[in-house]
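Trainee: Sharing a structure, written as structure tokens. Questions coming.
The values are calculated or read from the model by the stated rules, or taken from the named source; none is laboratory data. As the structure is a prediction and not an experimental result, all values here were calculated from the model. Neighbour counts run over all protein chains shown; Cβ positions are idealised from the backbone, glycine included.
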Amino acid sequence: MKKNIQMPKLSEQMETGVLAAWNKEAGDVVKKGEVLFEIETEKVVSEVESMESGVLEAVFFEAGDEIKVDEIIAVIKCD
Amino acid sequence: MEKKPEWLKVSYNKEAVEEVTGLMAKLKLNTVCKEANCPNLGECYKKRTATFMILGSICTRHCRFCNVSSGVVETVDPKEPQHLAEAVKELDLKHVVITSVTRDDLEDGGAKHFADTINAVRVLNPGVSIEVLIPDLQGVEEHLDIVIAANPDVINHNVETVREFYPEVRPEADYDRSIAVLEYVKRKAPHIKTKTGIMVGLGETDEQVFKVMDDSLNVGCDIFTIGQYLQPSPKHIAVKAYVTPEKFAEYKKIGEAKGFHYIASSPLVRSSYRAEEALEGGKS
């Protein structure tokens, strides 16, 4: 099963966030709870944990991109 | 968006956040974690802890650092104390922190609602330690008496910033009044731990920070917190400096040498962050 990874809404007012870094690359094995990527918002950088275990199949954005909340940023092929 | 220093990194676990958020919604409760867009929300919710915010989510004041909304306030929910007590039970908290918006529109500033909430928590959760982070209640002693009479373990009132920045940062507050609140609580109930805190990064000098420490110690304050101010949005007052972890460590060392029972000082410290540890430390 494949699961879309969306841009999380880290606060009530958040409309967009900047993808600060990927901690995994396409093709990497990802375990639930591992940091998948980092998002920079007004106050801090949030290390976003993966909610799935599997293989990171595709990523659609690069570090530095500003992304709308809920936009699909990656796909994980779940175990 | 300005790049953040390396030390301003936090973790976010969607499931953990949604679990606590769901509980709060079910019980019609607010948390300052959410309303203030606290950077520690992810960590605290993952540990199933939160700081409750009573008396609604709309504040009557307009502090320029704060993300809590201002405007037309809500009716006070008489069921809130009971709901909050139920949430403490469901989260199995051993230490609860309760704060509020400032309600200058209410005759007692919300003091009785604070007391009702403390009492409700205690009835349903015997043995739980209770910390209240109160507004200044306009310095009215009889209103402070209502909170004191409910006998929480800790009464926190944040000074928030150095005296010199009040007109710009807390235009409707008064530095001396806030210090007087801490003084009054300690004088009336010496057994209750008093606590205050400031944000740094607004351009204050070390001497101004040390003066707040001295003023707080002079009124018997037990616990002091220092954290980095973070701008919630471009509309809020700007960050002047990202204070380094080394500087925070220096503040802690100096504050402890001055005589505080406990100081929490690091970039992501907020007044209720790991408050249970501060209470334990403050007992020594």
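Trainee: What's the total number of residues in region B:8-67 that are touching a residue at least 40 places away in the same chain (Cβ under 8 Å), assigned to a loop (DSSP other than H, G, I, E, B) and within 19 Å of the chain's Cα centre (by Cα)?
Mentor: 20
Trainee: A further question follows. Counting only residues that are under 29 Å from B:T244 (Cα atoms) and either touching a strand residue (DSSP E or B) at 6+ places or on another chain (Cβ under 8 Å) or buried (at least 22 other Cβ atoms within 10 Å of the Cβ) (or both), how many does region B:15-33 have? Reasoning before the result, please.
Mentor: We begin by selecting, within region B:15-33, every residue under 29 Å from B:T244 (Cα atoms); these are B:17, B:31-33.
This time we only want the ones that are either touching a strand residue (DSSP E or B) at 6+ places or on another chain (Cβ under 8 Å) or buried (at least 22 other Cβ atoms within 10 Å of the Cβ) (or both), so: B:31-33.
Going through region B:15-33 one residue at a time, the tally reaches 3.
Trainee: Please give the helices (runs of 4 or more DSSP H) falling wholly within region B:129-194 in which 2 or more residues are in contact with a Leu (Cβ under 7 Å, 6 or more places away or on another chain) and not aromatic (F, W, Y).
Mentor: Working: elements: B:141-149, B:166-169, B:175-188.
Because the criterion is at least 2 residues that are in contact with a Leu (Cβ under 7 Å, 6 or more places away or on another chain) and not aromatic (F, W, Y), the helices (runs of 4 or more DSSP H) in region B:129-194 that meet it are B:141-149, B:175-188.
Trainee: Here's another thing I want to ask about it. I'd like the residue in region B:249-268 that is within 13 Å of B:Q228 (Cα to Cα) and in contact (Cβ under 8 Å) with a residue 24 or more places away in the chain and, out of all such residues, is farthest from the chain's Cα centre (by Cα).
Mentor: The first filter runs over region B:249-268 and keeps only residues within 13 Å of B:Q228 (Cα to Cα), leaving B:249, B:251, B:264-268.
Narrowing further to those that are in contact (Cβ under 8 Å) with a residue 24 or more places away in the chain: B:251, B:264-268.
On the way: B:Y251: 19, B:A264: 13, B:S265: 14, B:S266: 15, B:P267: 15, B:L268: 13 Å.
Out of the qualifying residues, it is B:Y251.
Trainee: Can you find a residue in region B:207-217 that is touching a helix residue (DSSP H, G or I) at 6+ places or on another chain (Cβ under 7 Å), surrounded by fewer than 16 Cβ atoms within 10 Å (Cβ to Cβ), more than 14 Å from every other protein chain (Cβ to nearest Cβ) and within 21 Å of B:T99 (Cβ to Cβ)?
Mentor: There is no residue in region B:207-217 that is touching a helix residue (DSSP H, G or I) at 6+ places or on another chain (Cβ under 7 Å), surrounded by fewer than 16 Cβ atoms within 10 Å (Cβ to Cβ), more than 14 Å from every other protein chain (Cβ to nearest Cβ) and within 21 Å of B:T99 (Cβ to Cβ).
For (1) at pLDDT 95 or above; (2) away from chain B (no Cβ under 14 Å); (3) out of contact with any Phe, Trp or Tyr (no Cβ under 6 Å at 6 or more places or on another chain); (4) outside any strand (DSSP E or B), each residue gets a yes or a no:
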{"site": "A:I5", "(1), (2), (3), (4)": "yes, no, yes, no"}
{"site": "A:M14", "(1), (2), (3), (4)": "no, no, yes, yes"}
{"site": "A:G17", "(1), (2), (3), (4)": "no, no, yes, no"}
{"site": "A:E38", "(1), (2), (3), (4)": "yes, no, yes, no"}
{"site": "A:K43", "(1), (2), (3), (4)": "no, no, yes, yes"}
{"site": "A:E52", "(1), (2), (3), (4)": "no, no, yes, yes"}
{"site": "A:V55", "(1), (2), (3), (4)": "yes, yes, yes, no"}
{"site": "A:A58", "(1), (2), (3), (4)": "yes, yes, yes, no"}
{"site": "A:V75", "(1), (2), (3), (4)": "yes, yes, yes, no"}
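Trainee: Pick out the one residue from B:V200, B:V185 that is under 15 Å from B:L133 (Cα atoms) and either of a type in the set (A, V, I, L, M) or at pLDDT below 95 (or both).
Mentor: Values: B:V200 fails: under 15 Å from B:L133 (Cα atoms).
Going through B:V200, B:V185 in turn, just one is under 15 Å from B:L133 (Cα atoms) and either of a type in the set (A, V, I, L, M) or at pLDDT below 95 (or both): B:V185.
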